[in-house]
Amino acid sequence: MKLIYTDSLVVGAGLAGLRVAIASKERGLDTVVLSLIPAKRSHSAAAQGGMQASLGNTVKGMGDDEDIHFQDTVKGSDWGCDQEVARMFAHCAPKAVRELANWGVPWTRVTEGPRQVVVNAEKVTIDEAKEAHGLINARDFGGTKKWRTCYTADGTGHSLLYAVDNKAISMDIPVHERVEALALIHDGKRCHGVVARCMITGELRAYIGKSTTIATGGYGRLYEVSTNAIICEGIGQALALETGVAKLGNMEAVQFHPTAIVPVGILTTEGCRGDGGLLRDKDGHRFMPDYEPEKKELASRDVVSRRMTEHMRKGKGVDSPYGPHLWLDITLLGRKHVETNLREVKEICENFLGIDPAKEWIPVRPTQHYSMGGIRTDKTGQNPQLKGLFSVGEAACWDMHGFNRLGGNSLAETVVGGMIIGKYVADFCQENSLEIDTNLAESFVDKVRDEIDDLIEGNGSESPFALRKEMERIMMDYVGIFRNGPELDKAVCELQALLKRSRAIGLKCKKRHANPELVEALRVKRMIKVALTVACGAAARTESRGAHAREDFPQRNDKDWLNRTLSSWPDENSLSPELSYEQLDVMKMELPPGYRGYGINNAIAHPDTDKREQEITRILSELGDDADRHERQDAVMPFEVPEALVAKNERLSDTLCNESAGDKVK
Ligand SMILES: Cc1cc2nc3c(=O)[nH]c(=O)nc-3n(C[C@H](O)[C@H](O)[C@H](O)COP(=O)(O)OP(=O)(O)OC[C@H]3O[C@@H](n4cnc5c(N)ncnc54)[C@H](O)[C@@H]3O)c2cc1C
């Protein structure tokens, strides 16, 4: 057995994993990163539109601060998030953007003077302040009160990942590529590392770390059509689930993005609508203002995706051989804008649709896009059940997104979460020693070896590829944008039948080294379990919250469901996860549940909401009028971040705000 020891073991070389690795290495810790692919090809590179941080440099962002970013994030989450985590995040996001600039990210910058933009289908001129010239710019995104999404044209993920990976390379952080983690090594209380398989040679290795951080991204590829890269298969979540101890959080919270191209499902960024693009139906009618008069195309994603689906169900979709779709119109932005700020969208349209989006409308439909659920962690990123197990980025349920994440808050979560959690991981490694019984590691390696032997030498006959196709169809048909009891029950039954069949997979290709069929077999067995956590969580949650929309329970029900779903896998023979719930405490919230400002206003109130609102009023009045916004915030809901990140953010808008940003819009 090959044993590799390190201090900080990180599984995943996307933005989140690399940022944690950098934080570990900065403390002088021995650090190893595992990845299925070369780091720069991680899914983070696909992110287009940008990351949110309340810098307030552009005139349309003046007056922005952490308070507004926090409120937008909580409303976006439909009050499902951990508000302290949302606070930690909003506080640190400006620091992360500036750090990235320092590492070489070529953020799009403000140019002083007048410029024409499209707002609500009209061309308006905004006048950027002289003092803002050269500072980091921001664009509008859904569900936000200010223009807050910092960007590098529409290739933000690409520039971020290149800068962060280059930083990791400069620090000599080793990334073991084409290595797949297949099991966590643990003793029921403490995580010691992973069993991983080299996808080239087939060698099994035990990686032992003081800390093990899972940063393997989301589980979008459980669905037939997804904007996600093909490696976003939920294996990280399965690693935790299969321990039988570590729990996953809110797995039923799956986001559908409004504007993926039809039929292939490649994303066109929310930046298209943020920059002024419109949604039109088969008659060319701009329908979103009919449903959402306030935010229109820029309501949060869950709301826009549902409104689009409703509209298509009314027969307003455009017929196509691939089913109905709607149109995304960015022609009004003008060719120069499309070719500079949305150039990736332009190339996607040219290469995959054969159209010129500066002249023609883009066929779009809501498509699976983001996993709000993931490995449950506490505020420091550590799993509460397995000491030493951390998770970060899309793989985790930290939980700043609740039941719907805002556009631009995910790239931000990778680097902000990575920065914060990275420090806690480093603390953990410095405070704990490496202690493991090698027999334990060996027993986990043997278990994976037995599983592979069984697949190769056993007499099973099921095809992993066929099982996967069926799983993807079930998720697509029954666990989609709109959900209902009978269909969810059907999904659970059919997935359970698939899980049984997955125990009898037989391989045609018997090779133990590079063997795609073996890789698929090892993954699909795990993916079906993860799919069951999504379907079972959705079937049990008899309310609608954020992206989880039940046709048979259309109201958000704060009275009975203001909680987080936890899933664990009881034992190897189980056919379903065990569900339990973690209550969200209204009496500790800074922003008690209310109306989001978009979507349907029909929630069943929590009995503590009024009480908490009165308490907040009392706390603030006792504090008096002299208290600044930081003191007021601290009095209502204190939160902690690592010492190095405590400092208050400074903004140009703090000094310019008195000049009235609004006066600058002509
Ligand atoms: C098309 C698209 C556009 C987007 N645009 C935006 C945007 O503009 N703004 C925004 O905020 N968000 C955006 N997002 C979301 C955002 O890009 C992702 O949520 C984020 O990049 C995820 O980063 P991550 O580091 O958590 O995981 P990833 O970047 O997915 O990295 C996962 C890593 O884990 C490794 N891995 C996986 N499984 C294993 C295993 N078993 N063993 C070893 N290694 C493993 C992979 O090799 C990879 O290195 C977009 C998403 C999509 C799909």
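The values are calculated or read from the model by the stated rules, or taken from the named source; none is laboratory data. Source: prediction; values computed, not measured. Positions of Cβ are backbone-derived with ideal geometry, glycine not excepted, and every protein chain shown enters the neighbour counts. Note: accessible area is taken over every heavy atom of the protein model, side chains too, but ligands, DNA and RNA are not part of it. Shrake-Rupley method; radii C 1.70, N 1.55, O 1.52, S 1.80 Å.
Quick look at the values:
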{"read-out": "Filter result (at positive phi and among the basic types (Lys, Arg)) within the stretch 280-335", "value": "Lys296"}
{"read-out": "Residues being more than 8 Å from the ligand (Cβ to nearest atom) and either buried (at least 24 other Cβ atoms within 10 Å of the Cβ) or within 30 Å of Glu112 (Cβ to Cβ) (or both) - total across the stretch 34-65", "value": "13"}
{"read-out": "Failed item, numbered, when Thr340 is tested on (1) part of a loop (DSSP other than H, G, I, E, B); (2) modelled with pLDDT under 95; (3) of a type in the set (Ser, Thr, Tyr)", "value": "(1)"}
{"read-out": "Residue check for Gly417: away from the ligand (no atom under 16 Å from the Cβ), more than 25 Å from Arg473 (Cβ to Cβ) and open to solvent by less than 30 Å² (accessible area, probe 1.4 Å)", "value": "no"}
{"read-out": "The stretch 579-614, subset touching a strand residue (DSSP E or B) at 6+ places or on another chain (Cβ under 8 Å) and part of a loop (DSSP other than H, G, I, E, B), residue most open to solvent (accessible area, probe 1.4 Å)", "value": "Ala603"}
{"read-out": "Members of the stretch 125-176 that are of a type in the set (Gly, Ala, Ser) and in contact (Cβ under 8 Å) with a residue 24 or more places away in the chain", "value": "Ala129, Ala132, Gly134, Ala138, Gly142, Gly143, Ala153, Gly155, Gly157, Ser159, Ala163, Ala168"}
{"read-out": "Test: residue in the stretch 518-540 that is open to solvent by 20 Å² or more (accessible area, probe 1.4 Å), farther than 22 Å from Thr367 by Cα and not in a helix (DSSP H, G or I)", "value": "no"}
{"read-out": "Test: residue in the stretch 373-389 that is within 25 Å of Ser54 (Cβ to Cβ) and near the ligand (Cβ under 8 Å from one of its atoms)", "value": "no"}
{"read-out": "Given (1) within 22 Å of the chain's Cα centre (by Cα); (2) of a type in the set (A, V, I, L, M); (3) near the ligand (Cβ under 10 Å from one of its atoms); (4) surrounded by fewer than 24 Cβ atoms within 10 Å (Cβ to Cβ), index of the condition Val164 fails", "value": "(4)"}
{"read-out": "Qualifying residue in the stretch 252-263 (condition: acidic (Asp, Glu), within 29 Å of Leu326 (Cα to Cα), open to solvent by less than 10 Å² (accessible area, probe 1.4 Å) and assigned to a loop (DSSP other than H, G, I, E, B))", "value": "yes"}
{"read-out": "Long-range neighbours under 6 Å by Cβ, at least six apart or interchain, first residue free of Cβ contacts under 8 Å to residues at least 40 places away in the same chain within the stretch 549-574, second among the aromatic types (Phe, Trp, Tyr)", "value": "Asn563/Tyr581"}
{"read-out": "The stretch 559-578, subset over 18 Å from Met372 (Cβ atoms) and not polar (S, T, N, Q), residue least open to solvent (accessible area, probe 1.4 Å)", "value": "Trp569"}
{"read-out": "Which listed residue, of Thr340, Thr380, is of a type in the set (Val, Ile, Thr), more than 22 Å from Lys75 (Cα to Cα), open to solvent by 10 Å² or more (accessible area, probe 1.4 Å) and in contact with a helix residue (DSSP H, G or I) (Cβ under 6 Å, 6 or more places away or on another chain)", "value": "Thr380"}
{"read-out": "Matching helices (runs of 4 or more DSSP H) fully within the stretch 265-328 where at least 1 residues are among the β-branched types (Val, Ile, Thr) and buried (at least 19 other Cβ atoms within 10 Å of the Cβ)", "value": "301-311"}
{"read-out": "Unique residue being open to solvent by 60 Å² or more (accessible area, probe 1.4 Å) and assigned to a loop (DSSP other than H, G, I, E, B) when the list is Lys500, Lys508", "value": "Lys508"}
{"read-out": "The listed residue being open to solvent by 40 Å² or more (accessible area, probe 1.4 Å), within 27 Å of Pro384 (Cα to Cα) and not aliphatic (A, V, I, L, M), out of Lys146, Lys189, Lys130", "value": "Lys189"}
{"read-out": "Qualifying residue in the stretch 554-569 (condition: within 24 Å of Gln385 (Cα to Cα) and in a helix (DSSP H, G or I))", "value": "yes"}
{"read-out": "Filter result for Gly76 (within 14 Å of the ligand (Cβ to nearest atom), in contact with a Leu (Cβ under 8 Å, 6 or more places away or on another chain) and either closer than 24 Å to Gly374 by Cβ or at pLDDT 95 or above (or both))", "value": "yes"}
{"read-out": "Qualifying residue in the stretch 439-458 (condition: polar (S, T, N, Q), farther than 30 Å from Gly277 by Cβ and away from the ligand (no atom under 16 Å from the Cβ))", "value": "yes"}
{"read-out": "Cross-chain or 6+ apart pairs with Cβ under 7 Å, the stretch 625-645 first and in contact (Cβ under 8 Å) with a residue 12 or more places away in the chain, then open to solvent by less than 60 Å² (accessible area, probe 1.4 Å) and β-branched (Val, Ile, Thr)", "value": "Ala635/Ile619; Val636/Ile616; Val636/Ile619; Val641/Ile420; Pro642/Ile420; Leu645/Ile420"}
{"read-out": "Conditions (1) part of a helix (DSSP H, G or I); (2) touching a Leu at 6+ places or on another chain (Cβ under 8 Å): number failed by Thr617", "value": "(2)"}
{"read-out": "The stretch 1-33, residues that are open to solvent by less than 10 Å² (accessible area, probe 1.4 Å), more than 13 Å from the ligand (Cβ to nearest atom) and not in a strand (DSSP E or B)", "value": "Ala23, Ser24"}
{"read-out": "In the stretch 238-251, the residues that are assigned to a loop (DSSP other than H, G, I, E, B) and among the aliphatic types (A, V, I, L, M)", "value": "Val245, Ala246, Met251"}
{"read-out": "Matching residues, the stretch 210-237, being in a strand (DSSP E or B), open to solvent by less than 10 Å² (accessible area, probe 1.4 Å) and more than 9 Å from the ligand (Cβ to nearest atom)", "value": "Ser211, Thr212, Thr213"}
{"read-out": "Failed criterion for Tyr207 (all others in (1) out of contact with any Leu (no Cβ under 8 Å at 6 or more places or on another chain); (2) within 11 Å of the ligand (Cβ to nearest atom) hold)", "value": "(1)"}
{"read-out": "Conditions (1) hydrophobic (A, V, I, L, M, F, W, C); (2) in a strand (DSSP E or B); (3) near the ligand (Cβ under 10 Å from one of its atoms); number of the one not met by Val364", "value": "(3)"}
